[in-house]
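Before any comments, here is the structure.
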Amino acid sequence: MGLFDFLKKKEFEEINQLKKQLERYKPISDIEKEAERQNQKLQADISTKTAELEKINIDYNTLKSNYQSALETYTNLRKEIGLYENKLDLVEFGVYEPVYDFEKSDDYRAEQSKIIELQKQKIANETAATCTAKWTIDGSEAKGTASTKRFIKLMLRAFNGECDALIAKVKWNNIGQMQERIRKSFEAINKLGESQKTYIENDYKDLKLKELILEHEYQLKRQKEKEELRAAQEELREEEKARREFEQAQKQAEKEEANYEKALEKARKEVEEATGEKQQKLQMKIELLEQELKEAHERKERAISMAQQTKRGHVYVISNIGSFGENVFKIGMTRRLEPTDRVRELGDASVPFQFDIHSMIFSDEAPTLENELHKAFSNKKVNMINGRREFFNVTIDEIEAKVKELELDAEFVKLPEAMEYRETLAILEKLNNPIPKETVEELVAKEFPTSI
């Protein structure tokens, strides 16, 4: 074999070797191409999704803007409608804070009369409403002025009529609504007057708002005065009952005292003439009569003392879980000789169940003690508006701790008996969950097997 043939053969072998190697690494080459192709596709997808996301963001921002605009429109419309709804809205208008602080309701009426007089003066002085233009009719300024005055009169009559109606309707829970409606009426009537360049003055509107506030606070003060009058009358009735009880107890004790004295005098005469066993029995009778006479005398003195000292009495702590639930206690005071009579009266007709007594504390300064307990739990009153409602949302342990803090000796019953309430629950449970007939028959057969 020549050199040429050898080289050619060698070249051929190398070429085959290279082809084998290429065939071996062909998947790697294809993967790189596929990776490049997939990368290009992914980039295209990212561009598409980015464009879609940008469009969604634009749509979201538009939707958000439309929602905010619609919500604002809805809120304004609800506010407008709310002005004409007779409803309690303390959240929006807030708890009312008095503007005036007069001592008596008559003072509000007097101030209101002054405000109404100022309104009349403004109308008389032609400053309640004004026209900013000079009008002529048929070339006559006089006719134009007369027409303007009639238009002003018409505007004021409309405004005054609406204000008077709103003032008459004002209640404890709608002062904010009535104020806003007066302002809306003022704006609406002035808008109608724009064509004639005629407007009701702000000062006149403010006088109407003051008149409204005075009417509102007059009603509040009148209600408070009525509550105070009722409380005073109730206190007088309670005092009268206590006075009658003291008088009756005093008379009864005096009568018993006289009877015991008479019986004692008779027994002493008899014991002088008696002897032996009979004398011993009479002596024992005399001792018993002397003890009873002493007790009758003490009852009389106690009744006289209670009648003379208006501050002596009992402070009671009572509950009614059937009517008010757990941990609601009434802390009150009575000067009655038998304080439980007062508790019994409280549960007579106004509540479905009787009250349970947790403690009855006698004190020479009962009003002071009652006031101390009320102040201690003032932030836990059930009724935060009317201070004469003596119910508190506290635990019996808290009340007992306060009484001990005041260094008073008092016994407390922790668990209320609530007999009627608990029996009512048992009856309702039986009505709602009756025992099946089969069960009853099985129980009877089990208890009395021979009777079946």
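Derivation of every value follows stated rules applied to the coordinates shown; laboratory data play no part. Since the model is a prediction, treat every value here as computed from it, not as a measurement. As a convention, Cβ positions derive from the backbone with ideal geometry for all residues, glycine included, and neighbour counts pool all protein chains shown.
Tally Lys and Arg at +1 and Asp and Glu at -1 over the other residues with C-beta under 13 Å from the C-beta of N202: what net charge comes out?
Computed value for this residue: +1.
Going by the alpha-carbon gyration tensor, a ≥ b ≥ c the square roots of its eigenvalues, is the range 317-417 rounded (a/c under 1.5) or, if a/c is not under 1.5, prolate (a/b greater than b/c) versus oblate?
Rounded, because the longest to shortest axis ratio a/c is under 1.5.
Given K120/K171; K330/K402; K120/K197; K120/K191; K104/K221, which pairs have Cα atoms separated by over 18 Å?
Going by Cα-Cα distance, K120/K171; K120/K197; K120/K191 fall outside the 18 Å limit.
If you take every residue apart from I318 with its C-beta less than 11 Å away from the C-beta of I318, what net charge results, scoring Lys and Arg +1 and Asp and Glu -1? Working shown, then result.
Details: positive: K330, R342, R344; negative: D356, E390.
Local charge sum for I318: +1.
Need the C-alpha centroid separation for the range 148-185 versus the range 102-144, integer Å.
14 Å
When we measure straight from the Cα of K278, which aspartates and glutamates land under 14 angstrom away, once same-chain ones fewer than 8 places off are left out?
Counting by Cα, and skipping residues close in sequence, K278 has these aspartates and glutamates nearby: E270.
Could you tell me the distance between the Cα centroids of the range 34-54 and the range 330-358, to the nearest Å?
Using only Cα atoms to place each centre, the spacing works out to 84 Å.
May I ask for the net charge around F102, where only other residues with Cβ less than 10 Å from the Cβ of F102 are counted and Lys, Arg are +1 while Asp, Glu are -1?
-3
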